[in-house]
1. Quickly run through the stretch 26-35 and pick out the residues that are open to solvent by less than 50 Å² (accessible area, probe 1.4 Å) and either in a loop (DSSP other than H, G, I, E, B) or farther than 12 Å from LEU4 by Cβ (or both).
2. Could you list, in sequence order, all residues of the stretch 59-77 that are over 18 Å from SER17 (Cα atoms) and open to solvent by 80 Å² or more (accessible area, probe 1.4 Å)?
3. With the requirement that a residue be open to solvent by 60 Å² or more (accessible area, probe 1.4 Å), within 20 Å of GLY101 (Cβ to Cβ) and either touching a Pro at 6+ places or on another chain (Cβ under 6 Å) or in a strand (DSSP E or B) (or both), what does the stretch 1-25 give you?
4. Any residue in the stretch 43-71 that is touching a residue at least 12 places away in the same chain (Cβ under 8 Å) sitting within a Cβ distance under 6 Å of a residue that is hydroxyl-bearing (Ser, Thr, Tyr) and not in a loop (DSSP other than H, G, I, E, B)? List the pairs, counting only those 6 or more apart or interchain.
5. Of ARG56, ARG38, which residue is open to solvent by 20 Å² or more (accessible area, probe 1.4 Å), of a type in the set (Lys, Arg) and modelled with pLDDT of 95 or more?
Amino acid sequence: QVQLVESGGGLVQAGGSLRVSCAASGNIFLPNTMGWFRQGPGNGRELVATMTDLGRTNYAEPMKGRFTISRDNAKNTVYLEMSSLKPEDTAVYFCNLMSFGRNYWGKGTRVTVSS
């Protein structure tokens, strides 16, 4: 079993920056992909960004150039640095780990961007 715990969400003004983190624990195997998804008010869960253990990244188009994903494999931790935040980035951000066809999710951390 794998546990994911997010941290770092909060309230930020439009144009500001915020970093969220996710620490994974439990039976973690390689290869794996860790990443972030989000769910805004009234919306479904959508991709933000993912990163493989070898460093390959994938970003959703609206996040390119504003968000940066990184990870520390030794700490089984993934980060999401968000800048130039917009009110439409307001959402619960969920950490995800995918390995050998199994998906694990954190409980989410809320990010609110005020205008």
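1. The answer is ILE28, ASN32, THR33.
2. GLU61, ALA74, LYS75
3. GLN3
4. That search, which allows pairs on different chains as well, returns ALA49/TYR59; THR50/THR33; MET51/THR57; THR52/THR33; ASN58/THR50; ILE69/THR57; SER70/TYR79.
5. One residue alone meets the criteria, ARG56.
The values are calculated or read from the model by the stated rules, or taken from the named source; none is laboratory data. Model, not experiment: these values are computed from the prediction. FYI the Cβ positions are ideal-geometry reconstructions off the backbone, even for glycines, and counts take in every protein chain you see. Keep in mind that these areas ignore ligands, DNA and RNA; they rest on the heavy atoms of the full protein, side chains included. Shrake-Rupley method; radii C 1.70, N 1.55, O 1.52, S 1.80 Å.
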